[in-house]
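The values are calculated or read from the model by the stated rules, or taken from the named source; none is laboratory data. No experiment lies behind these values; they were computed from the predicted model shown. Every residue, glycine among them, receives a Cβ derived from its backbone with ideal geometry; neighbour counts consider all protein chains shown.
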Amino acid sequence: MKTITAKKNQVDQKWLIVDATDVSLGRMSAQISKILQGKHKPIYTPHVDTGDFVIVVNCEKVGIQKKKLTQKLYRHHTGYPGGLREATLEEMLEKRPDDVIRLAVRGMLPKSKLGRQMLTKLKIYSGPEHPHEAQQPETLEL
C-alpha cells in the first residue's frame with residue numbers, strides 16, 4: 001500500500017459557521033483549531049493546509065466561568081521601557097471580544113508559517129451577521 005499525501009490543489013475546503021453563544025471557550029477553540037488544521041479529514045497531511053474555513057458569530061456571548069472573568073490576564077509588551085500592559089478577560093470581552101477567541105485558537109495552532117496561514121481562515125464576528133453568505137457555510141454544532 002502507498003501512503004497518500006495531500007497536494008495543495010487537491011484539497012476541498014468547506015466553509016463552516018459556529019455560533020459561540022453559551023459555548024465553553026476552551027472546548028470551542030480546541031474544535032476550531034482541529035478544523036482549521038484539517039485533522040477531521042482522512043486526507044490530513046501535517047505539512048499541507050488541508051483545513052476548512054470557520055466563521056464564528058456571537059463571540060461576545062461565549063460561555064466563561066465567573067471566576068475566570070476577573071482572574072485571567074492577557075499581557076502584551078509595547079516595546080518601550082515599562083510598557084507591559086495587562087487586561088482581564090472581562091475587559092477584553094468589552095473592548096475586543098473577537099480577540100479573545102482568536103488568541104485562544106492561535107495558541108492551539110502550530111507556531112510556524114503554516115499555523116499563521118491557518119489562522120487567516122478564521123473569521124470572527126461579534127454579532128449574528130456575517131458577510132460570507134455567498135460561500136454557503138454549513139452550520140457546525142459544538
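Some values worked out for this structure:
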read-out: Qualifying residue in the range 114-122 (condition: of a type in the set (A, V, I, L, M, F, W, C), under 16 Å from the mean Cα position of the chain (by Cα) and crowded, with 17+ Cβ neighbours inside 10 Å); value: yes
read-out: Breaking point among (1) at pLDDT 95 or above; (2) surrounded by 14 or more Cβ atoms within 10 Å (Cβ to Cβ); (3) farther than 30 Å from Asn9 by Cβ, for Ser33; value: (3)
read-out: The listed residue being touching a residue at least 24 places away in the same chain (Cβ under 8 Å) and touching a Ser or Thr at 6+ places or on another chain (Cβ under 7 Å), out of Gly51, Gly26, Gly38; value: Gly38
read-out: Enumeration of residues in the range 28-53 that are under 16 Å from Met108 (Cβ atoms) and of a type in the set (A, V, I, L, M); value: Met28, Ala30, Ile32, Ile35, Leu36
read-out: Search result, residues across the range 63-75 that are surrounded by fewer than 11 Cβ atoms within 10 Å (Cβ to Cβ) and closer than 14 Å to Val100 by Cα; value: Arg75
read-out: Residue selected from the range 76-106 under the condition surrounded by fewer than 16 Cβ atoms within 10 Å (Cβ to Cβ) and of a type in the set (A, V, I, L, M), by the criterion nearest to Ala20 (Cα to Cα); value: Leu103
